[in-house]
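Heads up, the thing below is written out as structure tokens.
The values are calculated or read from the model by the stated rules, or taken from the named source; none is laboratory data. Just so it is clear, the structure is predicted and the values come from calculations on it, not from any experiment. Ideal geometry is used to build each Cβ from the backbone, glycine not excepted, and the neighbour counts take in all protein chains shown.
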């Protein structure tokens, strides 16, 4: 199959090309695919809602009285702004989890204002600034449910990680013994999955009635929280946040490092349930950030007037002077979108 391609022009001259594998599932059928729909990929941070699902199924977030912001950040790749850091610390206090127990390691906040503040006061970033600190706090909360130690909670054989692995195996029909994890940037196990399975997982997270009965309330709470508090899923000027703000109550979208994005679309009277998963071969997120809004518009899920997505629909490239010096152009087989809107015969 052909691949979705995003081409980068400087002036009128082609400078770079990004190729992506893309799969679109509509209800129970493969509605469109570019590249290899069964390419096995590391979901990276796109896995976070699945990693958080056992916690939500347990009822611990409700027991702790967590609000939408706090529930959303448990699934987040947050930017580490002051509000994000305070949100994670509030969860830790409610759960009796020590910040010092975080094993995710530090990195500079994605949020420019907070990064500059740390530099100005001569402070180094802490693990709480790590974009994964919400997920790790969720892991630490889950340790109590398993009567397991906080130390070593990232070991693939730790009960918290085995619970995630077992859930993935159950929902994908892949034997958990066949799921061999790599180690993510934050130290957590990350299980490779076929792209089509990742799309199906997000389709069903966004439409919990498709899940086993005991998982539905937990998945529904995740969907509700990230749509109510999209800033706490990512942050200012971030694609995930812009996408959810553009379509309140319609999408569950999550980025992953190295050019991964997964999207679930909630069914309504006007649209079926969709699951979409993307892997950009060279890991460049600017590829999916440009072509995915246009693809969603072609499918009929966006109308290109959503203000929060305007910077992503706009393919113009500006330099530091503000001059337009190039543009992005995404192309795919037109039959791809036709199939996904039901105008074609499917694949």
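If you go through region 321-329 one residue at a time, do you hit one that is assigned to a loop (DSSP other than H, G, I, E, B), at positive phi and loosely packed, with under 14 Cβ neighbours inside 10 Å? Within region 321-329 (the criterion being assigned to a loop (DSSP other than H, G, I, E, B), at positive phi and loosely packed, with under 14 Cβ neighbours inside 10 Å), the answer is yes, since at least one residue qualifies. Restricted to strands (runs of 3 or more DSSP E) entirely inside region 1-84, those with at least 3 residues that are surrounded by fewer than 21 Cβ atoms within 10 Å (Cβ to Cβ) are 4-10, 13-26. Would you call residue 166 free of Cβ contacts under 8 Å to residues at least 24 places away in the same chain and farther than 28 Å from residue 127 by Cα? So residue 166 fails the test.
Number of residues in region 260-286 that are part of a loop (DSSP other than H, G, I, E, B) and touching a helix residue (DSSP H, G or I) at 6+ places or on another chain (Cβ under 6 Å): the value is 2. I'd like to know if region 88-102 contains one or more residues that are part of a loop (DSSP other than H, G, I, E, B), within 13 Å of residue 130 (Cβ to Cβ), out of contact with any strand residue (DSSP E or B) (no Cβ under 6 Å at 6 or more places or on another chain) and at pLDDT 95 or above. Yes, the conditions are met somewhere in region 88-102. Residues in region 295-341 that are free of Cβ contacts under 8 Å to residues at least 40 places away in the same chain and touching a helix residue (DSSP H, G or I) at 6+ places or on another chain (Cβ under 7 Å) were compared, and the one that is farthest from residue 6 (Cα to Cα) is 303.
Testing residue 248 on (1) loosely packed, with under 14 Cβ neighbours inside 10 Å; (2) in a helix (DSSP H, G or I), one condition comes back false. Which one is that? So residue 248 meets the others, but not (2).
In the set 257, 228, only one residue is within 13 Å of the chain's Cα centre (by Cα), in contact (Cβ under 8 Å) with a residue 40 or more places away in the chain, within 27 Å of residue 82 (Cβ to Cβ) and surrounded by fewer than 22 Cβ atoms within 10 Å (Cβ to Cβ); that residue is 257.
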